[in-house]
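The values are calculated or read from the model by the stated rules, or taken from the named source; none is laboratory data. All of these numbers come straight from a predicted model, not from anything done at the bench. In this analysis, Cβ positions are derived from the backbone assuming ideal geometry, glycine residues included, and neighbour counts consider all displayed protein chains. With ligands, DNA and RNA removed, areas are computed over all heavy atoms of the protein, side chains included. Shrake-Rupley method; radii C 1.70, N 1.55, O 1.52, S 1.80 Å.
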Amino acid sequence: MCSTHSMLPRFRKTAQLFPHSSGNCVPTSREAAQQAVDRIAAFRQELDHLAEAGILHLDAEQRQAVDTYQQNKLEEWRFLFDVDTRRQDRQFSLGMKAASFLAALGLGAAVFFLFQQFWGRFSPPWQIAILVSASIGSLLATMHCAAREQLGYFARLFALVALVCFILNLTLLGQLFNATPSHTVFLVWASLAFLLAYATGARLLLTLAVLCLAGFLSAQAGAWNGIYWLSVGEQPESFYPAAIVLFFLSFVPHRLNPSFPSVYRMWALLFWFIPMLVLSHWGTGSYIPWAPTLVEWFYQIAGFVSSAGVIAAGIRWRWHETMRIGVIFFTLFLYAKFYDWWWGWMPKYLFFFLVGLLAILVLLVLRRLRSRGDRALQQHEVAG
Amino acid sequence: MSSRMRRILQLTAMALLLIVAANAILLLGSWRNRSGEPDAELLLSERELYVPYSWDDENSGRFIQLRYQLASEMGGDTLFTNPWLDRKKLKSLGYRLPQEGADTAESASYLSFPAKKVFVVLELQGLAYEQALAQAVAEMEGLQPTAGPETIQAAEEKVRQLRDQDSRLYVVDVGLDAQELRQHHSSKERYAIVPGQLRVWWDRGHKQNKPQWFSSITLDRERIFVPLEFAGPLARCAQQMQKVPSGGKTGASGCRVRLAFGTRLEPWVKELHAWTN
């Protein structure tokens with residue numbers, strides 16, 4: 001979280017503005033700063049609670065020192081990162097995020113329909129000029145906002161509009177010249193979406209980038225096997241290269257965007273498990289040259305093994321989204337198996353009763369896993 | 001300059017480069033497609049093109065759509081059977097087919113293959129059209145004298161439509177190599193080679209338990225953009241098409257479109273005009 005090297009010049013400036021600030025531990029991103037603010041708020045609440053319970057009572061001087069230090073930190077981070085230090089700030093922020101998203105959707109749709117309405121009335125040179133200018137103009141607006149504002153609401157808004165403009169740019173130019181549709185365009189869109197996501201820190205843009213990249217990788221995998229790119233969904237294993245690439249991307253250090261690795265992991269797991277779930281009941285859609293029944297058995301076993309492994313990995317490395325996805329798909333594989341075994345002959349009330357019992361069992365297992373995780377954390381803290 | 005500003009400038013430069021490069025590559029590809037001698041030039045009529053009578057007010061783009069036919073086997077009960085797409089041809093396209101005897105196996109009643117990228121040969125007013133017309137005439141003339149008036153009328157209508165209304169553009173071949181196809185179909189005024197998709201499936205068949213291979217072929221680019229310079233003639237075409245009553249003879253007026261296919265096999269409208277007798 002804290003880095004002195006890259007933030008040193010900025011810290012010197014803040015040291016002048018905040019002379020009472022001590023220590024040189026400065027968050028490297030707004031997200032890290034907001035987490036630090038949340039920790040201070042939780043600490044203060046817990047301190048009051050401990051004082052009320054008579055467990056821990058700081059004298060006036062100590063309390064003053066702690067409050068002064070923390071207040072200086074909050075002001076410093078508010079100045080540097082424009083974080084939410086009060087509850088009403090947080091509510092306003094949520095509202096601004098929602099408004100920014102709706103504005104982006106609205107403006108994106110407006111650009112799309114504006115182009116459709118008027119573009120046919122221009123000659124090709126003007127059409128090309130308008131489409132390229134829209135892409136470049138919206139990109140420059142995005143970067144201008146990204147440079148000027150800390151919170152990034154307008155930057156993210158314009159970034160989404162820029163992506164829409166670029167998609168329209170290439171799509172309409174392709175229509176204009178009757179170009180043969182190709183899956184390579186997904187790679188180009190993904191590239192811009194990645195650049196915009198990393199410039200603005202927007203997870204929505206990162207998700208769009210991931211989806212475009214996965215579309216390209218799966219279409220390319222299908223093309224290498226002689227499949228037309230739009231039919232790639234008929235061979236679900238085509239999505240596995242995308243899953244592997246995204247999973248490895250999650251290991252790239254993201255100092256400035258600490259929430260990005262979880263987005264990569266989440267989509268990697270979805271592109272891994274959804275094809276597996278489909279193939280566990282539809283063996284004919286596999287590249288593997290086995291009998292369909294054998295393929296289905298293979299993927300059912302693989303589904304159980306990999307979801308269990310994913311749960312273990314999520315617990316081990318504290319990847320919460322990983323663990324949740326592992327639990328969801330383990331449960332889905334299990335329910336699918338129950339359906340195969342029992343639905344045909346078991347009374348429906350009994351079937352659903354067993355499904356409910358299984359859910360209770362999952363609850364008990366998760367509770368046990370959670371307490372094991374807490375014990376491991378305590379041991380780690382004691383050892384540290 | 002702060003590290004944050006430097007990062008934003010770097011990302012801006014990369015994004016600008018990407019936008020410019022993507023557009024340049026697309027435009028260069030289109031220029032290469034239209035430079036030099038076209039791979040094919042077909043003179044199409046309103047029979048081979050679908051011209052909308054009106055366009056959506058929300059979309060100012062103007063398009064025409066290719067209308068083409070797939071030959072069907074005599075007595076076949078599906079529109080998607082191509083008699084020239086036999087087992088040997090399918091194997092040459094890279095399909096891994098089950099063994100000959102396995103076609104009647106109890107375990108496989110339906111087998112489908114994902115769509116494959118192929119090059120499609122379109123033939124304009126050639127042998128395939130003449131054969132289809134001859135087949136329809138033969139069917140009409142072969143009707144028993146005791147056939148009902150409705151059956152006779154239907155057969156006559158089928159011949160009339162084939163002769164006067166239906167598209168004369170037929171799919172006659174597919175392959176993985178466009179140059180090889182061009183060697184076999186060399187006339188550039190009669191044959192166009194375009195990218196498309198082939199879908200193949202095998203079905204036991206619901207009639208007489210006879211298993212058959214079925215196929216469907218679609219083109220990558222069926223809708224063709226009409227540039228602004230041809231918007232006027234296109235509108236006149238649409239008006240004239242609207243005047244032809246349903247089932248009427250289309251020879252009184254129509255459209256002529258010279259469609260060129262470039263070195264990348266992408267089409268563009270070279271000429272477009274409406275005509276009346």
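A few remarks follow.
- Accessible surface for B:Ser216 stands near 30 Å², nearest 10, in the context of the full protein assembly shown (1.4 Å probe).
- Net lengthening on full extension, B:Leu28/B:Ala147 (0.36 nm per residue, minus Cα-Cα): 36.7 nm
- Kyte-Doolittle mean at least 1.0 and Cα axial length at least 27 Å: DSSP H helices in chain A: A:153-176, A:203-224, A:260-279
- Magnitude of the charge dipole, region A:280-384, Cβ model with Lys/Arg +1 and Asp/Glu -1, debye to 20: 360
- Solvent exposure, largest accessible area first (probe 1.4 Å, DNA, RNA and ligands not counted), of B:Lys158, B:Lys89: B:Lys158, B:Lys89
- Aspartates and glutamates with Cα under 12 Å of B:Lys270, excluding same-chain neighbours fewer than 8 positions away: B:Glu41, B:Glu229
- Loss of accessible area when A meets B, both sides summed, Å² nearest 100, probe 1.4 Å: 4100
- Solvent-accessible area, 1.4 Å probe, carbon plus sulfur percent, for region A:215-341: 74
- Listed by chain and number, the aspartates and glutamates whose alpha-carbon sits under 14 Å from that of B:Lys116, ignoring those within fewer than 8 places in the same chain, are A:Glu234, B:Asp177, B:Asp220.
- The label point for A:Ser93 and the one for A:Ile328, both projected 7 Å from the Cα toward the Cβ, are 2.5 nm apart.
- Counting heavy atoms of the protein chains alone, A:Phe247 has an accessible area of about 70 Å² for a 1.4 Å probe.
- Cα shape, region A:91-179, gyration tensor, a/c 1.5 rule: prolate
- Average accessible surface area per residue within the protein assembly as shown, 1.4 Å rolling probe, Å²: 54
- Computing FRET efficiency as 1/(1 + (r/R0)^6) for A:Val365 and A:Ile301, where r is the C-beta to C-beta distance and R0 is 22 Å, gives about 0.65.
- Cα convex hull of region A:69-224, projected area averaged across orientations, nm²: 11.3
- Rounded to 0.05, the FRET efficiency of the A:His281 and A:Ala53 pair, given R0 = 45 Å and the Cβ-Cβ distance, is 0.20.
- Distance between the pseudo-spin-label points of A:Ala110 and A:Thr293 (7 Å out from Cα toward the beta carbon): 6.1 nm.
- Solvent exposure, largest accessible area first (probe 1.4 Å, DNA, RNA and ligands not counted), of B:Phe261, A:Phe177, A:Phe113: A:Phe113, A:Phe177, B:Phe261
- Anchor A:Lys97: aspartates and glutamates whose Cα lies under 16 Å away (excluding residues fewer than 8 positions away in-chain): A:Glu31, A:Asp82, A:Asp84, A:Asp89, A:Glu149
- Annotation for A:Arg44 and A:Ala60: the two label points, set 7 Å from Cα along the Cα-Cβ direction, are 2.1 nm apart.
- A DSSP coil position with no more than 14 other Cβ atoms inside 10 Å describes the following GluC sites (Glu not before Pro) in region B:1-61: B:Glu58.
- For region A:91-179, the carbon plus sulfur part of the accessible surface works out to 77%, probe radius 1.4 Å.
- Pairs from the list B:Lys89/B:Lys117; A:Lys337/B:Lys117; B:Lys88/B:Lys188; B:Lys91/B:Lys117 with a Cα-Cα gap above 25 Å: A:Lys337/B:Lys117; B:Lys88/B:Lys188.
- Taking all protein chains together, B:Met14, A:Met143 sort by accessible area into B:Met14, A:Met143, largest first [probe 1.4 Å].
- Per-residue SASA remark: A:His57, around 150 Å² accessible (1.4 Å probe; ligands, DNA and RNA not included).
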